[in-house]
Amino acid sequence: MDNGFVVVAEGLHKRYGDVAAVDGISFQVRRGEIFGMVGPNGAGKTTSVECVEGLRRPDEGRVTVLGLDPWRDARALRERMGVQLQSAGLPQRIKVGEAVELFASFYRQAADGDALLERLGLGEARNAYVNKLSGGQRQRLFAALALINRPEVVFLDELTTGLDPQGRRDTWDLIREIRAQGATVVLTTHFMEEAERLCDRVAIVDHGRIIALDGPAELVRQQGAQVRVVFELDGHLGDELSARAGQLDLRSLGVLDGVLRVERAGEQVVVFGQGDGLARAVAQALDAEGVRYWNLRSEQPNLEDAFLALTGRRHEVRVESAAGAAGCGRA
């Protein structure tokens, strides 16, 4: 392996006609970590990972996985690598247990298929046909097929797409378990919360390039992402005078220390800013103006905030409403 890295990708390029799907991507994955690639659909993350897996040949660049070349050493590498594709298919009339047994037969050493299905919540579906599975069950089946050879490195592409919230959290537990058993995990996702909760390091991909790579907390801190204070206006303010007072107060929030901008959508107001005392200052200003509000809360910045900042979020101070009111605050 290159300097102890499980995965090394250097200067990857992949074009389709005039479109640069991957435009000079480089990264390394350490043994035992969960490494994430995040970005919107079409950002280039899946194509990048498929180049690493040996499913696509990059036009330029160098790749090694476990010290092996994905094309020259393909047979040896497949014994040690697991891959769950974003889009995959099986014969519709094959049963779940039969699919697992089939894939197990491809490898010299395989995990206990029945135990694996139980672990993934598919034990009772062992005799079900693939075409009778729900979307979440199909995703878990493809995860089982990626793990049947007890891989040292596992590539999971949009694994939780289509899962309900509970299924997604169960899958997160599985990914942590995979890592706890000694495997390295490379995860692609467009769910920022998923990457933030699971990954040791995250590469943010946009327009075929990695625009940032670090731990989730470090990425948030580097961008100086803003604290949000959220509250609801009392919808029972019926008279015109009270409504005007509320509007005046919303505009006056823009001049508070630490406030960068204020947005309103219906009865919900979001104040963006910085500083530990922001929520207290907003509450005091609302009380001083006599504005009736409820459910005031502070929300800390997260990876999605960092992503929006990195990909072009505007930072000027402004006040906005759903009706289009704008233009207040400090420039």
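Only one of the numbered conditions (1) surrounded by fewer than 19 Cβ atoms within 10 Å (Cβ to Cβ); (2) modelled with pLDDT of 90 or more is violated by residue 125, and that is (1).
Within the stretch 133-143, is even one residue buried (at least 21 other Cβ atoms within 10 Å of the Cβ) and of a type in the set (Lys, Arg)? Yes, the stretch 133-143 contains at least one residue that is buried (at least 21 other Cβ atoms within 10 Å of the Cβ) and of a type in the set (Lys, Arg). Within the stretch 251-279, the set of residues being touching a Leu at 6+ places or on another chain (Cβ under 8 Å), small (Gly, Ala, Ser) and under 18 Å from residue 294 (Cα atoms) comprises 279 only. Restricting the first member to the stretch 199-222 and to residues that are without any contact (Cβ under 8 Å) to a residue 24 or more places away in the chain and in a strand (DSSP E or B), and the second to residues that are surrounded by 15 or more Cβ atoms within 10 Å (Cβ to Cβ) and of a type in the set (Lys, Arg), the beta-carbon pairs closer than 9 Å and six or more apart or on different chains are 214/201.
The single condition from (1) surrounded by fewer than 19 Cβ atoms within 10 Å (Cβ to Cβ); (2) modelled with pLDDT of 90 or more; (3) within 25 Å of the chain's Cα centre (by Cα) that residue 156 fails is (1). If you go through the stretch 23-48 and keep only what is at pLDDT 95 or above and of a type in the set (Val, Ile, Thr), you end up with 25, 29, 34. Just wondering, is there one or more residues in the stretch 38-45 that are over 26 Å from residue 304 (Cα atoms) and either part of a loop (DSSP other than H, G, I, E, B) or aliphatic (A, V, I, L, M) (or both)? Checked against the condition, which is being over 26 Å from residue 304 (Cα atoms) and either part of a loop (DSSP other than H, G, I, E, B) or aliphatic (A, V, I, L, M) (or both), the stretch 38-45 yields no hits at all. Tell me yes or no: at least one residue of the stretch 81-92 is over 30 Å from residue 15 (Cα atoms) and among the hydroxyl-bearing types (Ser, Thr, Tyr). Scanning the stretch 81-92, I find no residue that is over 30 Å from residue 15 (Cα atoms) and among the hydroxyl-bearing types (Ser, Thr, Tyr), so the answer is no. Restricting attention to the stretch 59-79, the residues being assigned to a loop (DSSP other than H, G, I, E, B), touching a residue at least 24 places away in the same chain (Cβ under 8 Å) and surrounded by fewer than 19 Cβ atoms within 10 Å (Cβ to Cβ) number 3.
The values are calculated or read from the model by the stated rules, or taken from the named source; none is laboratory data. On a predicted model such as this, the values are computed, not experimentally measured, just so you know. Cβ: placed from backbone, ideal geometry, glycine included. Neighbour counts: every protein chain shown.
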